[in-house]
Amino acid sequence: MTVERDPIENRVVGPGFHARVYAVVREVPAGYVTTYGHVATLLGSPRVARHVGWALAGVGNAEEPVPWHRVINSRGTISHRGDTVRAEEQRRRLEAEGVVFDARGRVDLKAFGWSFPSRTSIE
């Protein structure tokens, strides 16, 4: 079975991808969140949101601190992917910064979403 690859996706998810993800995430101020998809869009392809999540899973290898906890899914919830300890830590960090979760564990993206007002692309 042959899998066709999107040339834009291949270009975006290549050497330096993690560093570019980290640079974008470092722009999200305390008390705000953004989504994996929004970061991917700023990097040039909204189709690589999952890759953004994988990059943030490896944030321990970054040279400078990365506020990984400020990135959530498009439903406004934390994507725990089976790691409930990390998900609980993410929620604690966000709440300590003033981000509010509703009874269903959702963040109001209209109230707390960071839209990178000075840019539409990171390229």
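A quick yes/no check of all residues on (1) in contact with a Pro (Cβ under 6 Å, 6 or more places away or on another chain); (2) in contact (Cβ under 8 Å) with a residue 60 or more places away in the chain; (3) not aliphatic (A, V, I, L, M):
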site	(1), (2), (3)
Glu27	no, yes, yes
Glu64	no, no, yes
Val85	no, no, no
Glu97	no, yes, yes
Trp114	no, yes, yes
**Asked** Residues in region 56-63: is at least one in contact with a Gly (Cβ under 9 Å, 6 or more places away or on another chain), closer than 21 Å to Val24 by Cα and of a type outside the set (Lys, Arg)?
**Response** no
**Complete:** A careful count of residues in region 28-41 that are within 17 Å of Gly14 (Cα to Cα) and over 13 Å from the mean Cα position of the chain (by Cα) gives 0
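Being at pLDDT 85 or above and surrounded by fewer than 17 Cβ atoms within 10 Å (Cβ to Cβ) is the filter; apply it to region 60-72 and report the residue that is nearest to Thr35 (Cα to Cα). Talk me through it step by step, then tell me what you get.
Our first condition is that a residue be at pLDDT 85 or above; within region 60-72, this holds for 64-72.
Checking the rest, the ones that are also surrounded by fewer than 17 Cβ atoms within 10 Å (Cβ to Cβ) come to 64-65.
Working: Glu64: 21, Pro65: 19 Å.
If we take residues in region 60-72 being at pLDDT 85 or above and surrounded by fewer than 17 Cβ atoms within 10 Å (Cβ to Cβ), then Pro65 is nearest to Thr35 (Cα to Cα).
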**Request:** Output the number of residues of region 70-84 satisfying the condition of being out of contact with any Ser or Thr (no Cβ under 9 Å at 6 or more places or on another chain) and under 18 Å from Ala30 (Cβ atoms).
**Result:** 1
**Request:** Could you tell me whether Gly98 is loosely packed, with under 11 Cβ neighbours inside 10 Å and on the phi > 0 side of the Ramachandran plot?
**Result:** yes
**Request:** Looking only at region 4-13, decide whether some residue is assigned to a helix (DSSP H, G or I), at pLDDT below 95, within 19 Å of Leu56 (Cβ to Cβ) and among the charged types (D, E, K, R).
**Result:** yes
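crowded, with 20+ Cβ neighbours inside 10 Å and either in contact with a Leu (Cβ under 6 Å, 6 or more places away or on another chain) or of a type in the set (Gly, Ala, Ser) (or both): which single residue out of Ala111, Ala103, Ala55 fits that description?
Working: Ala111 fails: crowded, with 20+ Cβ neighbours inside 10 Å; Ala103 fails: crowded, with 20+ Cβ neighbours inside 10 Å.
The conditions single out Ala55.
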**Asked** Are there any helices (runs of 4 or more DSSP H) wholly within region 42-123 with 3 or more residues that are within 25 Å of Pro15 (Cβ to Cβ), and if so which?
**Response** 49-57
**Those residues of region 58-99 which are among the hydrophobic types (A, V, I, L, M, F, W, C), within 22 Å of Leu42 (Cβ to Cβ) and over 10 Å from the mean Cα position of the chain (by Cα), in sequence order** = Val59, Ala62, Val66, Ile78, Leu94, Val99
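The values are calculated or read from the model by the stated rules, or taken from the named source; none is laboratory data. This is a predicted model, so every value here is computed, not measured. Cβ atoms come from the backbone with ideal geometry, glycine included; neighbour counts cover every protein chain shown.
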